[in-house]
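Read-outs: derived from the displayed coordinates by stated rules, not from any lab. Please read these numbers as outputs of a predicted model, since none were measured by experiment. A quick note on method: Cβ atoms are made from the backbone with ideal geometry, for glycine too, and the neighbour counts reach across all protein chains shown.
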2 protein chains.
Amino acid sequence: MSEKPLASQRVFTGRLLKVRVDEVALEDGRCTTREIVEHPGAVAIVAVHGEGDDAQVVLVRQFRKAVEQFLLEIPAGTLEPGEEPLACAQRELLEETGLSAQRWSHLQTFYTAPGFCTEKMWLYLAQDLRSHPQHPETDEQIEVGFYSRSQVRELLQTHQIQDAKTLVGIFWWLYTL
Amino acid sequence: MSEKPLASQRVFTGRLLKVRVDEVALEDGRCTTREIVEHPGAVAIVAVHGEGDDAQVVLVRQFRKAVEQFLLEIPAGTLEPGEEPLACAQRELLEETGLSAQRWSHLQTFYTAPGFCTEKMWLYLAQDLRSHPQHPETDEQIEVGFYSRSQVRELLQTHQIQDAKTLVGIFWWLYTL
């Protein structure tokens, strides 16, 4: 029950995104179109300071133009051409928070919006954090905070976490780690 | 630290998606562009059959052209113009699975990819399921299954769930409900 490609048209080529419209034939012979956003892929980081009951997770608050509001998110960023996901995660954590980590492990890889977008996201756990002078990205203005498990539960219960990757990362941290 | 809009250009208008490029001024005076995918919004449903240890969640398997693979997901779909999220969830659950539910509650609303996309997703819990003759959407070919908590944990641990909204929904069901 996959889809047979019939035609594909590039409709937009941007700095970050590309968009194409594919015409496909379904198993039963019907045809339809798929509007597909091509994204280079991304990483997100559950960065944990301390251990056990004293552990705190790093969240960043930043304005998101697409949704016209400030969101509280785990650190994240987009893969540069040819960049390995782990190297990207290390770079983004430093750029967004001024932190590096001694211990890294891969938690999960998932698609953020597979109905229409190619974006694949690698989620990492970063531990044994060290603070460095901050090197912000050129077009990001970010506020960094550390949150305990009880603070994160409170944020969840009061629906203050409105970003899918952050919900996934927070659930991993609270319930499976 | 929000962003002041300077200019906006529509670059694509499709059947489902629109794309625009915004030029914005940051707090510190620097300028940058934001490529933004406009999406009508969507719903996703944690549909649970039975109670307690015997409970099973509904997952659907379908081919996702954007990522060129079959994914196991919770039922979901896109808002029609003017449609209320709950009405959309009820419609999509019936169309994708042939099920209706007597009890509905809202779990969470989140953005799937707020770095570049407007898509807002309403996540519902649907209980007291009833089976109806299936009415598939015109361009979807979907396989429906029921999974116990232990089967879902196994799917999580073996990284067979690769979709962000499904991870969020599954975590809600396994750990908070």
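Of A:146, A:86, A:56, which is farthest towards the positive pole of the protein assembly as shown's charge dipole, taken about the Cα centre with +1 and -1 on the beta-carbons of Lys, Arg and Asp, Glu respectively?
A:86
How far, in nm to one decimal, is residue B:148 from itself in the other copies if the label point is set 7 angstrom along Cα toward Cβ? Shortest first, please.
Nearest first, the other copies' label points are 3.9 nm away.
Return P(r) of chain A (all Cα-Cα pairs; 10 Å bins starting at 0; whole %; ordered from short to long distances).
9, 33, 32, 16, 9, 2
Mind telling me which of B:167, B:59, B:79 comes out most flexible in a GNM of chain B, alpha-carbon contacts under 10 Å?
Comparing B:167, B:59, B:79 in a Gaussian network model of chain B, the most mobile one is B:167.
Express the relative contact order of region B:42-175 as a whole percentage, based on alpha carbon pairs under 8 Å and six or more residues apart in sequence. Write out the running numbers ahead of the final one.
Values: 254 pairs, mean separation 44.5, N = 134.
For region B:42-175, the relative contact order is 33 percent.
Which of B:66, B:164, B:113 moves the most in a Gaussian network model of chain B with Cα springs under 10 Å?
Highest fluctuation among the options: B:66.
Just in region A:1-95: which trypsin sites (Lys or Arg not before Pro) are loop by DSSP and have at most 14 other Cβ atoms within 10 Å?
On the way: sites: A:10, A:15, A:18, A:20, A:30, A:34, A:61, A:64, A:65, A:91; in loops: A:15, A:30.
Listed in order of number, the matching sites are A:15, A:30.
Give the nm distances, rounded to one decimal, from residue B:25 to the matching residue in every other copy, measuring between label points 7 Å along Cα toward the beta carbon; shortest first.
Label point to label point, same position, other copies: 5.5 nm.
In nm to one decimal, list the spacings between the residue A:159 label point and its equivalents in the other copies, with label points set 7 Å along Cα to Cβ, shortest first.
Ordered by increasing distance: 3.4 nm.
Please build a GNM for chain B, connecting alpha carbons under 10 Å apart, and tell me which residue among B:132, B:106, B:159 fluctuates the most.
B:159
Would you mind computing, in nm to one decimal, how far apart the modelled labels at residue A:157 and residue A:9 are, each placed 7 Å from Cα along Cα→Cβ?
5.3 nm
State to the nearest 20 debye the size of the charge dipole of the protein assembly as shown about its Cα centre, where the only charges are +1 on K and R beta carbons and -1 on D and E beta carbons.
Details: 34 positive and 52 negative charges, 50 e Å.
With Lys and Arg at +1 and Asp and Glu at -1, about 240 debye.
I'd like to know which of A:156, A:9, A:41 lies farthest towards the positive end of the charge dipole of chain A, counting +1 on Cβ of Lys and Arg and -1 on Cβ of Asp and Glu.
Sorting the options by dipole projection puts first A:9.
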